[in-house]
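K.L.:
Below: one structure in structure tokens.
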Amino acid sequence: MTNLILLGPPGAGKGTQARMLTESVGLLQLSTGDLLREAVAKGTKAGEAAKQVMEAGDLVSNEIVIAIVNDRLDLPDVEAGVIFDGFPRTVVQAEALDKLLKAKAMKLDFVVSLDVQDAAMIERISGRYTCAGCGEGYHDTKKVPANVDICDSCGESNFKRRADDNAATVAERLKAYHAETAPLIEYYRNKGLLFRIDAMGDIVAISDQLKELVSKTN
Ligand code: AMP
């Protein structure tokens with residue numbers, strides 16, 4: 001059972017790579033962004049508090065996010081191993097994760113920083129959308145379905161875009177990444193857990209590098 005963190009700015013490919021790893025090696029994707037969007041859609045107390053913050057591209061409070069992760073880690077499916085996608089995003093969250101894992105007798109195997117250039121992220125994010133049925137990711141210019149209205153993976157014709165995937169919000173999210181999240185690279189380097197991958201290249205080649213890292217911890 002491998003537990004790992006995918007670090008990187010919005011658009012670096014954390015979600016895509018987590019999905020591919022889930023399919024290939026069976027790890028569980030734990031995306032705080034997905035859990036927060038779910039909470040917003042359900043109108044829970046945490047969701048109501050998070051909604052505007054997310055729409056502005058700012059970070060949701062450590063308190064809310066840590067509570068969500070704590071609850072999620074109590075479900076039995078985490079035994080398969082967890083890919084933390086979009087968490088931790090601050091040093092406070094990283095310290096909280098250390099404590100949570102210890103309390104739950106889990107261990108962090110490694111952390112991968114997906115290294116990309118900011119300039120490319122705005123274009124990547126502004127054009128992206130997903131299949132509402134299976135979650136397969138697409139892009140207006142880089143990856144359209146063979147038949148534009150039908151998902152290549154599951155055949156559904158219902159696609160969705162995230163409310164925060166617009167140029168103004170993306171700029172804010174990149175700012176939050178550099179101010180709050182980038183210091184985690186140093187945090188995990190100091191713990192001897194950090195690997196860096198050039199994530200500007202081919203999606204499958206990046207996935208192969210991640211699989212290789214996972215296979216070494218099994
Ligand atoms: P993501 O899907 O990871 O891009 O996250 C979308 C939005 O959810 C972010 O821009 C934040 O507003 C919020 N969010 C997700 N994860 C976290 C986190 N670990 N800490 C604070 N806010 C988060």
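The values are calculated or read from the model by the stated rules, or taken from the named source; none is laboratory data. Because the structure is predicted, anything quoted here is derived from the model rather than measured. Don't worry about glycine lacking a Cβ; one is built from the backbone with ideal geometry, like all the others, and counts go over all protein chains shown.
K.L.:
May I ask you to list the residues in segment 51-100 that are of a type in the set (S, T, N, Q) and within 20 Å of residue 171 (Cβ to Cβ)? Don't jump to the end; show me each part of the working.
P.N.:
Residues of segment 51-100 that are of a type in the set (S, T, N, Q), as a first pass: 52, 61-62, 70, 90, 93.
Correct list: 52, 90.
K.L.:
Moving to a separate point now. Say we look at segment 35-60 and pick out the residues that are in a helix (DSSP H, G or I) and touching a residue at least 40 places away in the same chain (Cβ under 8 Å); which of these is nearest to the ligand (Cβ to nearest atom)?
P.N.:
The initial filter retains those residues of segment 35-60 that are in a helix (DSSP H, G or I), namely 35-42, 45-56.
Checking which are touching a residue at least 40 places away in the same chain (Cβ under 8 Å) leaves us with 37, 54-56.
Values: 37: 7, 54: 4, 55: 8, 56: 8 Å.
Applying the filter and picking the extreme gives 54.
K.L.:
Name the single residue, out of those in segment 80-106 being of a type in the set (D, E, K, R) and either near the ligand (Cβ under 8 Å from one of its atoms) or surrounded by 18 or more Cβ atoms within 10 Å (Cβ to Cβ) (or both), that is nearest to residue 214 (Cα to Cα). Show your work before the answer.
P.N.:
Taking segment 80-106 as the starting set, the residues that turn out to be of a type in the set (D, E, K, R) are 85, 89, 95, 98-99, 102, 104.
If we keep only those that are either near the ligand (Cβ under 8 Å from one of its atoms) or surrounded by 18 or more Cβ atoms within 10 Å (Cβ to Cβ) (or both) too, we end up with 85, 89.
On the way: 85: 15, 89: 22 Å.
The residue in question is 85.
K.L.:
Just to be sure, is residue 115 touching an Asp or Glu at 6+ places or on another chain (Cβ under 8 Å) and not aromatic (Phe, Trp, Tyr)? It would help to see each step written out before you state the result.
P.N.:
On the way: touching an Asp or Glu at 6+ places or on another chain (Cβ under 8 Å): yes; not aromatic (Phe, Trp, Tyr): yes.
Criteria met by residue 115.
K.L.:
Okay, next question. State whether the residues of segment 61-79 include one that is part of a loop (DSSP other than H, G, I, E, B), near the ligand (Cβ under 8 Å from one of its atoms), modelled with pLDDT of 95 or more and within 18 Å of the chain's Cα centre (by Cα). Quick ask: steps written out before the conclusion?
P.N.:
Residues of segment 61-79 part of a loop (DSSP other than H, G, I, E, B): 61, 73-75.
When the remaining residues are screened for being near the ligand (Cβ under 8 Å from one of its atoms), the result is 61.
Within this subset, residues satisfying the condition of being modelled with pLDDT of 95 or more are 61.
Among the residues that remain, those that are also within 18 Å of the chain's Cα centre (by Cα) are: 61.
Within segment 61-79, one or more residues are part of a loop (DSSP other than H, G, I, E, B), near the ligand (Cβ under 8 Å from one of its atoms), modelled with pLDDT of 95 or more and within 18 Å of the chain's Cα centre (by Cα).
K.L.:
Tell me yes or no: at least one residue of segment 3-20 is under 22 Å from residue 110 (Cβ atoms) and surrounded by fewer than 18 Cβ atoms within 10 Å (Cβ to Cβ).
P.N.:
Looking through segment 3-20, none of the residues is under 22 Å from residue 110 (Cβ atoms) and surrounded by fewer than 18 Cβ atoms within 10 Å (Cβ to Cβ).
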